[in-house]
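Quick notes on the structure that follows.
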């Protein structure tokens, strides 16, 4: 009886923690909308097992890189730990410093981002037109006005005649990962846009079990929209993933990823890059089902039902 009482007491203590990046204040605990935290990081410090973090959609992006880790950021099957985005944006891009550009040649300028292994350049808040390069390339490719490339770990951008990079609204991937999940259980992240990060929008690093991404949009991240690794078990449901740099979804290790009712756009990168783990599409639950389990490193196209929704979803991708 004592064990049952303690379990009920733990569940009854679960609460909502509110975040408002315009009117909030990190000196308070987020226990009500009037005493909302200003940052998600502060809310995570205040949160306990089974709590729900509720973001206000203020029209201003949350510019943070956050981590959910351990029992404090876990839940139970009947009381998951949740992040409710309400359509808010978690943003990883930062403005290129005005003095960060130097002239390369002709109408081409370059800058050196602090995070270099993967990068994206954004023009007016959207991914700029990119010319692909390989690490083995020895010569800078030709660039047309408003095109860019990553060459020898530097960003090169071609301006219009008579203009300078400072005349454009340019930003690059400044923060590493939007949301890192590590050793958490029974977690739900819903109704959130995660964009502009240097590696992944959401990374289930390892030890993640019974986690669900529901109604999440991951776009414009330099490596992948969603990465699942280690021994993680994650479900991606009703999401939109596109305009990412190397993969829309990537998996590795011994992970299991279930993808259902989700649009993986085949635009800037393969919809799925599998470097390990198992992937189940549209509710398949057996690894022996060859129609559902995809081969390593073989890009997977969206399901037939996804194509029907994709035309409607593209207008929200960026």
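Quick rundown of the values:
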{"read-out": "Condition met for residue 253 (assigned to a strand (DSSP E or B) and either within 30 Å of residue 94 (Cβ to Cβ) or modelled with pLDDT of 95 or more (or both))", "value": "yes"}
{"read-out": "Residue list for segment 194-211, filter: assigned to a strand (DSSP E or B) and surrounded by fewer than 24 Cβ atoms within 10 Å (Cβ to Cβ)", "value": "205, 206, 209, 210"}
{"read-out": "Segment 176-193 - residue that is over 15 Å from residue 227 (Cα atoms) and in a strand (DSSP E or B) and, of those, nearest to the chain's Cα centre (by Cα)", "value": "193"}
{"read-out": "Top-ranked residue in segment 51-60 [being touching a helix residue (DSSP H, G or I) at 6+ places or on another chain (Cβ under 8 Å) and surrounded by 22 or more Cβ atoms within 10 Å (Cβ to Cβ); ranked as nearest to residue 183 (Cα to Cα)]", "value": "53"}
{"read-out": "Strands (runs of 3 or more DSSP E) wholly inside segment 108-152 that include at least 2 residues being at pLDDT 95 or above and more than 27 Å from residue 89 (Cβ to Cβ)", "value": "108-111"}
{"read-out": "Residue ID - nearest to residue 212 (Cα to Cα), chosen from residues in segment 158-175 that are within 25 Å of the chain's Cα centre (by Cα) and surrounded by 19 or more Cβ atoms within 10 Å (Cβ to Cβ)", "value": "175"}
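The values are calculated or read from the model by the stated rules, or taken from the named source; none is laboratory data. Predicted model, so just to flag it, every value in this text is computed and none were measured. A quick note on method: Cβ atoms are made from the backbone with ideal geometry, for glycine too, and the neighbour counts reach across all protein chains shown.
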